[in-house]
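Worksheet: the structure to be examined is printed underneath.
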Amino acid sequence: MNIRTFRVSRQQGSILGYYIIVLFVLGAIASVAGLVVQHVQFSKRRSDRKNALEYSEGAALIACQELNKAYTNSSSFFTNLLSNSAGGYAKNTALSTSAQLVYGRSVSAPFSNQTAQVQIWTTNSTSPTKARIVSYASVGSITRTSTVYMAMSFGFGAAIISDAPGSAAAGISKSVAQNGNVVVDGSSKSSTFVNGGVLANGRVNVNAYSGVATNSVSQTLYGTSSEIPDYTDESSADQLFDFNRFIAAAKLSGNYYSNVSSFVTAGKSNTLEGIVVVDISKSDSSAKGIDSGDFPNGINVRGTLLVNFSGGWAASDKLVNTAAMNINAANLSGLVATNPATYTTGYPPTFSNPAKNPYTLDIKSSYPQFDNFSADDDLPALMYNIGILDIHGPANVCGVVYSPSFMEIENKGTGTTQYFNGSLITGGGVYIDNGNSGSKSVVTFDPKAIDKLATSGSKGKTVQVYYRK
Amino acid sequence: MKGLKGHSAASPRRRQQAFTIVEFIFAAGISGIVLAGMVIFVAMASRSLQGITMQNTVNQDASHASEYILERIRLANTLAVSGGGNTLTLTFDDDPDTDSNGDTKTYNDRDHTEQFQFANGDGSDTTTDDNKITYNANTATGTAVDLAPNRVRKLPSTAVFTITNSTQVLVNFGLVDSYSNDLFQALEIKTSAVRRNSTN
């Protein structure tokens, strides 16, 4: 019995030793495991944070694309959102108010086992000019949000935009331009410069003195995937402007002149403000031309001048203007034609008479078919419809020049300046000629004059991001 | 029989309980070698573990700092670098639908300014233990917090922040651990980000 007792007590002592060692080892393993878990958790949280942001940004990107599609497709913007092919948006009645609408959906594709929520916030308008996309994605315990602010902007930008199909002719004569091409004919005696590129469905033909950089030209776009839509066809769905909207604004602000003589009377010694419309009938005895006798100080307008050819004008009929034309005129005292750094602008105009301010006119009350202009809108500087306003005299025009007709800009004077800062948008080709000694002809692109162009509805617009948060 | 039994049973056990001096020395030698091996193994494992842990910590710190800097650069609307590439200043428009600077553009305001800064604690960049990158979420009202706490080093002949093309920021820095027992862990970050907002 003694022997047994002795053996048991020795075993107990050994077990205690083993137990301490095991505790020590387990403690070491536990502390290492704890450290590893801590690092893994930290790493996972960081990874979740990053993944959640990427999912939310991805969902926002998808929503941007869907917003663009809804805005630029035919049928109404909100109908397009509701029938979105990748998943219809639903109106969020809790967040929507009478002033703003919120539509949302859950985005799961192309993610794997992950969803993100997107919301599109817009003003309550059939053609909203701005939208905000908010997307949320949660990974683990992390939720990240991405916000993208979007605005509807004009989709094309260049000093000259010509949507006429044009011809294959390669010369630089006026007749080649009249076929719907862009022709810039400079001279060694004068300075000619086109700054900001040329986009043309037809050909762009220039000579060595044209000041057109060959790498800034995109031509013969007709029939290609880059074709410029027919923005100037007066009967097409793509036509950018409804001239009647501008005429309505002019009538409301007392700026509508039914013939040349009344326009001359009003503008002979005054600067006209706002949207100014002059109706020129083919039968008007003054319709043969305008010169410095009519406007000894030039035609001076702050805002928009719309020349409304009416009553029998054909596309090739022209009204020659040799009087100086100053619309949103820039200070050109330091102008060096070949140096874009010296180009200044008078756009946007400031209006001293509130009654003439097109941005505050309530067009819709008097003409329900037309929308009011908003403060963000870019209004063209010069517009004319079918018929040619042949500009021969000095010109200082800042803003977009728009016409479905052929544009003829010929610097006929000696030492005179023709300066266009904005963009020329033509539907019949353009001919720019500058051959006289010491004369300057400049056409330069100003994105600020065109990016918010006040087209009808969403015509010519694409959705572009202007801020991300 | 009983005494004989008891004698015959106890005697062999007493012999088994004892060791000869040779056996003892041999056993002690073996045990010593095993113990020494274990100590060395534990010491090396411990050092290795310390190194892995510190490398992991350095990785996490550097990743966190660089990812956060890049995130903020992408959302800024202006960038500026000063102090020989030690300070990166970013501006943000808090409400892109409100024109707070009155220039008719709603999205180009500089409503608040954030700042990342490489700072050394003792006036010397070479002593890395007190070098850090700080972040101030609003320079007008906030105070800087440590984004990469200590151990930050500047890479040779390279500024921490560099702007290229006015829209891209190059970010270059290292983290280094000067503790010898974990084998001087170090890591270098060379990355860049392009701001996606603008004031144009």
For this session: May I ask for the percentage of alpha-carbon pairs in the range A:49-154 that lie more than 16 Å from each other?
Result: 55
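Work out, step by step, the length gained on full extension between residue B:145 and residue B:105: first 0.36 nm times the residue separation, then minus their alpha carbon distance; give nm to one decimal.
Working: separation 40, 0.36 × 40 = 14.40 nm, distance 3.28 nm.
Using 0.36 nm per residue and subtracting the Cα-Cα distance, I get 11.1 nm.
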Problem set entry | Quarter of the Cα convex hull surface for the range A:160-460, i.e. its orientation-mean projected area (nm²) | 14.5
Seminar exercise, completed: If unit charges are put on Cβ atoms (+1 for Lys and Arg, -1 for Asp and Glu) and the dipole of chain A is taken about its Cα centre, the option from A:349, A:327, A:191 lying farthest towards the positive end turns out to be A:349
Exercise. What value, in deg cm²/dmol to 500, does the helix sum -39500 (n - 2.57) over DSSP H runs of n ≥ 4 give at 222 nm once divided by the residues of the protein assembly as shown?
Worked result: -9000 deg cm²/dmol
Seminar exercise, completed: Nearest 10, in degrees from 0 to 90: the angle of helix A:243-252 to the longest Cα principal axis of chain A is 80
Problem set entry | Computed FRET value (nearest 0.05) for residue A:143 with residue B:49, which takes r as the C-beta separation and R₀ as 41 Å | 0.70
Exercise. Three principal axis extents, largest first, for the C-alpha atoms of the protein assembly as shown, in Å?
Worked result: 158, 55, 52
For this session: Please work out whether the range A:243-292 counts as rounded, prolate or oblate from its C-alpha gyration tensor, where a ≥ b ≥ c are the square roots of the eigenvalues and a/c under 1.5 means rounded, while otherwise a/b larger than b/c means prolate and anything else oblate?
Result: oblate
Exercise. Lys/Arg Cβ at +1, Asp/Glu Cβ at -1, dipole of the range B:107-200 taken about the Cα centre: which of B:149, B:167, B:134 is farthest positive-ward?
Worked result: B:167
Problem set entry | Rough spin-label spacing in nm, given labels placed 7 Å along Cα→Cβ, for residue B:167 and residue A:28 | 5.7
Exercise. What spacing in nm lies between the two simple spin-label points modelled at residue A:366 and residue A:268, each 7 Å away from Cα in the Cβ direction?
Worked result: 2.6
Exercise. So if we plug the beta-carbon distance of residue B:184 and residue B:60 into 1/(1 + (r/R0)^6) with R0 = 22 Å, what FRET efficiency do we get, rounded to 0.05?
Worked result: 0.80
For this session: Relative to the longest principal axis of the C-alpha atoms of chain A, give the angle of the C-alpha long axis of helix A:2-72, reported between 0 and 90° and rounded to the nearest 10°.
Result: 10
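Return the percentage of antiparallel bridges among DSSP beta bridges fully within the protein assembly as shown, rounded to the nearest 5 %. Let's see the in-between values first.
Numbers: 69 of 142 bridges.
In the protein assembly as shown, DSSP labels about 50 percent of beta bridges as antiparallel.
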Exercise. Of B:38, B:54, A:383, how do they rank once you tally other Cβ atoms within 10 Å and put the fewest first?
Worked result: B:38, B:54, A:383
Seminar exercise, completed: Quick calc, residue A:95 & residue A:353: beta-carbon distance into FRET formula, R0 56 Å, rounding 0.05, result 0.85
Exercise. Any idea how far the Cα center of the range A:276-301 sits from the one of the range A:430-469, in Å?
Worked result: 26
Problem set entry | Residues whose placed amide H lies under 5 Å from that of residue A:304, excluding near-sequence neighbours | A:274, A:275, A:276
Exercise. Where the centroid of each part is defined by its Cα atoms, how far is the range A:140-213 from the range A:70-111 in Å?
Worked result: 35
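Every number here is computed from the coordinates shown, using simple stated rules; none is lab data. Model, not experiment: these values are computed from the prediction. Every residue, glycine among them, receives a Cβ derived from its backbone with ideal geometry; neighbour counts consider all protein chains shown.
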